[in-house]
1. Under a point spin-label approximation (7 Å from Cα along Cα-to-Cβ), what is the SER168-ASN44 distance to one decimal in nm?
2. If you take Cα extents along the principal axes in Å from the coordinates, which of [x] 64, 46, 31; [y] 58, 42, 35; [z] 60, 36, 24 do you get?
3. Of ASN43, HIS122, PRO170, which is farthest towards the positive pole of the chain's charge dipole, taken about the Cα centre with +1 and -1 on the beta-carbons of Lys, Arg and Asp, Glu respectively?
4. With +1 assigned to the C-beta of every Lys and Arg and -1 to the C-beta of every Asp and Glu, and no other charges, what is the dipole magnitude of the chain about the Cα centre in debye, to the nearest 20?
5. So what is the relative contact order of the chain, in percent, for Cα pairs below 8 Å that sit 6 or more residues apart?
6. At a 10 Å Cβ-Cβ cut-off, how would you order THR88, THR121, THR45, THR53, fewest neighbours first?
7. What nm value, rounded to one decimal, do you get for the distance between SER134 and LEU8 when each label is placed 7 Å out toward the C-beta?
8. Do any trypsin sites (Lys or Arg not before Pro) in region 84-193 lie in a loop, going by DSSP, with at most 10 other beta-carbon atoms within 10 Å of their beta carbon, and if so which?
Amino acid sequence: MNPALHPLLSERWSPRGFDASHRLPEAQLTALLEAARWSPSANNTQPWRFVVTQRGEAAFERLISLLSGNNRRWAGRASALLLVLAETADETGAPRSYGLYDTGQAVAHLITQAQAEGLSTHQMGGFDRAAAVSEFGVDPRFTPVVVLAVGLRQDDHGLPEDLAARESAPRDRRPLADLVLPATPAADLGRTA
């Protein structure tokens, strides 16, 4: 791990083991949403929206039912589930080309705030997007992006064996050299020395 990397980033990971007795205080939930609200966006369009559900609410159960099978096995222990939406078209129907990018930034801000508050998050792409649109009456201008689980991590999580093994697996990332591409002009790519 790079020692210069801030612990809020280096220690972040996406657990499946959540404390099923933890309730997310309203002030903490508001702080997470405020962190997203203050995220940068193209022309300050703020194209992100969140459908917020908390464990014990009917909407939480409706959102759980839209998750893929593996996600459904553990996500019900989270304190809250947020359906994240990106405005991909404006009020006139014109494409909002930065909507997905800006929404990703807002989620990153929310996740960093959660980490600072001692909470954990887990983003899930495995859910039925068409059903989410129908179930929650999503305006056609918005695209469902992810479902975000938020809660208090619990090491003694009681997960099924296959998921528990993933909780203790080492975190790894591609080497930085694989992620940074050379700034070679396209015209030079075909030339030989």
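1. 5.2 nm
2. Answer by label: [x].
3. Result: PRO170.
4. Value, rounded to 20: 220 debye.
5. Relative contact order of the chain: 30 percent.
6. On the way: THR88 18, THR121 24, THR45 13, THR53 21.
Final ranking by Cβ density, sparse to dense: THR45, THR88, THR53, THR121.
7. Simple spin-label model gives 4.0 nm for this pair.
8. Numbers: sites: ARG96, ARG129, ARG141, ARG153, ARG166, ARG171, ARG173, ARG191; in loops: ARG96, ARG141, ARG171, ARG173, ARG191.
Those satisfying the criteria are ARG171, ARG173, ARG191.
Every number in this text was worked out from the coordinates using simple rules, so none of it is lab data. Note that the structure is predicted; figures quoted are calculated from it, not measured. Please note: Cβ atoms are built from the backbone with ideal geometry, for glycine as well, and neighbour counts cover all protein chains shown.
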